[in-house]
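S.K.: Before we start, here is the structure in question, set down as structure tokens.
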């Protein structure tokens with residue numbers, strides 16, 4: 001990272017909340033309010049702030065209504081078990097905390113948080129005067145890996161709130177048998193995704209999907225070659241070719257469902273997303289109300305020197321400290 005390169009953290013609110021809620025035992029205040037998801041969210045949030053020393057921070061949330069994906073495929077996420085009400089009841093509390101930190105919150109009817117993340121990750125560099133801005137997506141959802149590029153990395157919660165891994169392009173390729181991040185959309189179009197009830201092509205597993213995308217590049221090119229019955233298409237097993245043709249429409253529907261949008265119409269202004277300018281007393285009061293007394297001493301504090309050295313974990317934070 002260059003000396004003048006700025007850094008943005010985009011928080012996938014719902015994904016982090018879900019991980020925090022299920023990772024921590026029930027924590028309640030003296031008033032009987034459940035706050036385990038709020039506490040766990042803050043542990044992850046503080047860890048990311050300390051690790052990446054951001055210049056900008058935003059948060060995204062799912063809007064509680066069907067999305068355009070549900071309209072195009074009624075069974076989208078139909079098999080997903082509904083989260084307990086105790087989790088949903090903590091979302092307003094987390095938003096209250098984020099607002100206390102002056103973190104901009106984005107959510108939009110008809111879209112998922114992923115779509116807002118994809119849009120912001122594309123818009124942010126265009127709003128910044130400096131030549132490049134590095135984006136870190138904080139999430140527990142592997143779907144975001146399709147957004148990885150030279151300036152975008154994904155910080156994934158794998159287990160609990162402490163086991164977190166940073167994915168760049170090379171780490172994505174390592175995990176998915178050499179596929180590029182942008183090819184994960186085509187991979188899922190073939191493989192499907194049971195967690196989101198994306199069907200894919202019946203009978204095609206992970207290894208076959210990876211092999212097909214590595215061979216043909218994209219879903220569109222795969223079906224183009226099949227349509228022309230090229231030599232590459234003829235090299236496929238007859239049974240595999242038949243599956244692909246039988247479920248062609250389903251494959252393209254699956255790709256539409258899997259692809260994160262990058263053009264959601266939102267009012268995004270990077271300059272309004274500066275991190276670190278917040279009322280410490282206000283946040284301390286919120287923490288006191290939720291009885292997070294141990295976290296008050298860990299609140300980020302602005303420092304004088306605004307120059308940050310390159311690197312993720314150099315042990316020096318010249319903007320903020322925890």
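The values are calculated or read from the model by the stated rules, or taken from the named source; none is laboratory data. Here the structure is a predicted model, which is why all the values come from computation and not from measurement. No Cβ is skipped: glycine too gets one built from the backbone with ideal geometry, and neighbour counts run over all protein chains shown.
S.K.: Go through the stretch 1-78 and tell me which helices (runs of 4 or more DSSP H), entirely inside it, have 1 or more residues that are under 20 Å from the mean Cα position of the chain (by Cα) and under 23 Å from residue 134 (Cβ atoms). Even if it seems obvious, please write down each step before you answer.
M.R.: Working: elements: 13-23, 36-52, 68-72.
Counting at least 1 such residues, we get 13-23, 36-52.
S.K.: Something else now. Do you know which residues across the stretch 181-194 are under 19 Å from residue 204 (Cβ atoms) and either surrounded by 15 or more Cβ atoms within 10 Å (Cβ to Cβ) or in contact with a helix residue (DSSP H, G or I) (Cβ under 7 Å, 6 or more places away or on another chain) (or both)?
M.R.: Correct list: 183, 184, 185, 186, 187, 188, 189, 190, 191, 192, 193.
S.K.: Oh, and also: Consider residue 276 against the criteria (1) over 20 Å from the mean Cα position of the chain (by Cα); (2) within 24 Å of residue 6 (Cβ to Cβ); (3) surrounded by fewer than 15 Cβ atoms within 10 Å (Cβ to Cβ): it satisfies all of them except one. Which criterion is unmet?
M.R.: (3)
S.K.: So residue 47 ticks every box in (1) touching a residue at least 12 places away in the same chain (Cβ under 8 Å); (2) farther than 15 Å from residue 156 by Cβ but one. Which box is left unticked?
M.R.: For residue 47, the exception is condition (2).
S.K.: Still on this structure: Quick one: in the stretch 150-172, which of the residues that are modelled with pLDDT of 95 or more and surrounded by fewer than 16 Cβ atoms within 10 Å (Cβ to Cβ) is farthest from residue 25 (Cα to Cα)?
M.R.: Filtering first and then ranking leaves 170.
S.K.: When you check residue 255 against the structure, is it within 23 Å of residue 117 (Cα to Cα), part of a helix (DSSP H, G or I) and modelled with pLDDT under 95, yes or no?
M.R.: Considered against the rule, which asks whether it is within 23 Å of residue 117 (Cα to Cα), part of a helix (DSSP H, G or I) and modelled with pLDDT under 95, residue 255 comes out as no.
S.K.: Only one of these conditions is not met by residue 92: (1) touching a strand residue (DSSP E or B) at 6+ places or on another chain (Cβ under 9 Å); (2) modelled with pLDDT of 95 or more; (3) exposed (fewer than 15 other Cβ atoms within 10 Å of the Cβ). Which number is it?
M.R.: (1)
S.K.: Separate question: Is at least one residue of the stretch 218-230 within 29 Å of residue 56 (Cα to Cα) and outside any loop (DSSP other than H, G, I, E, B)?
M.R.: Pass one, the stretch 218-230, residues within 29 Å of residue 56 (Cα to Cα): none.
The answer is no; no qualifying residue exists.
S.K.: Given the stretch 92-206, what helices (runs of 4 or more DSSP H) lie entirely inside it while holding 3 or more residues that are not assigned by TED's automatic domain parsing to the domain that holds residue 277? Spell out the reasoning first.
M.R.: Values: elements: 113-127, 169-175, 184-191.
Result: 184-191.
S.K.: Ok, one more. For the stretch 49-75, which positions are surrounded by 21 or more Cβ atoms within 10 Å (Cβ to Cβ) and either at pLDDT below 95 or under 22 Å from residue 272 (Cα atoms) (or both)?
M.R.: 49, 52, 53, 54, 55, 56, 57, 58, 59, 60, 61
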